[in-house]
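Step one of this worksheet: look at the structure below.
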């Protein structure tokens, strides 16, 4: 258990069936088959929750897992290690993923090509290549303040001066960026275009972060989207009334614009006649629970 609350208490509060992000058979004992020994050759692209779950669901198979990052397995959970409040959950999740991937031939730091995959002669390819950050369009004036993406900041990119973190979608990335920058001594404003801060998170995590950010003096700016980043200022617009306002004293704008699927190998694999299943964020923005379940089903069926 990682304490993520996604499929257990999260489902309970939503009035849906109790499941588990780590164990997809929980609540599906009668419908989701258990893994059986298989002598298939499987290639997995991506070492996040979906990719590692696919390894676990195919015991006995000859599996090669290609991961683009040289830093290790974990996918987006590796970004979450930067958050003081999120680090314990992230660490436990990554440890689970590493355990699931044992027995596979894990090749880190490889941006795998179509030719490399075909050379493995796989019976099944599980495409769990994840997502890229989406940069939502707005104007950037000449001489504007520094502009960074959220994942870059979580991975250690340097910020300058007072910071505005703007997030779209209400997930954990904006909260983590705001917390870590405030802990580092920066003056931070967290702006959101969502109806509520952290609306995509379970209330237990959301409430923890809102209390933590208040303790750190982080200012919250609700219901706004960026229009133009200038020198030391950010013009924003209320997403409901369209009223414009200027946030002054902006040294760096950190944009958390959501995720877009990354699957450049999918069409080439299909055209080459390869049996391929797309899972996780390569299909669309997913929770860990959804990614693990999709990959498990794909590996069992493929």
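Tabulated data for the structure shown
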{"quantity": "Condition met for residue 269 (outside the structural domain of residue 48 (by TED's automatic domain parsing) and either modelled with pLDDT of 95 or more or not in a helix (DSSP H, G or I) (or both))", "calculated": "no"}
{"quantity": "Residue that is surrounded by 16 or more Cβ atoms within 10 Å (Cβ to Cβ) and at pLDDT 95 or above, where the choices are 183, 250", "calculated": "250"}
{"quantity": "Enumeration of residues in region 122-138 that are in a strand (DSSP E or B) and closer than 21 Å to residue 200 by Cβ", "calculated": "131, 132, 133"}
{"quantity": "Yes/no for residue 104 being modelled with pLDDT of 95 or more and farther than 30 Å from residue 210 by Cβ", "calculated": "yes"}
{"quantity": "Of the criteria (1) part of a loop (DSSP other than H, G, I, E, B); (2) at pLDDT 95 or above; (3) under 19 Å from residue 22 (Cα atoms), which one residue 99 fails", "calculated": "(1)"}
{"quantity": "First in region 224-252 and outside the structural domain of residue 168 (by TED's automatic domain parsing) and part of a strand (DSSP E or B), second anywhere and at pLDDT below 95 and surrounded by fewer than 17 Cβ atoms within 10 Å (Cβ to Cβ), Cβ under 7 Å, 6 or more apart", "calculated": "none"}
{"quantity": "Residue count for region 213-229, restricted to those that are surrounded by fewer than 20 Cβ atoms within 10 Å (Cβ to Cβ) and in contact with a helix residue (DSSP H, G or I) (Cβ under 6 Å, 6 or more places away or on another chain)", "calculated": "1"}
{"quantity": "Selection count where residues are within 25 Å of the chain's Cα centre (by Cα) and assigned to a loop (DSSP other than H, G, I, E, B), scope region 33-61", "calculated": "5"}
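The values are calculated or read from the model by the stated rules, or taken from the named source; none is laboratory data. This structure is a prediction, so every number in the text was calculated from the model and none was measured. Ideal geometry is used to build each Cβ from the backbone, glycine not excepted, and the neighbour counts take in all protein chains shown.
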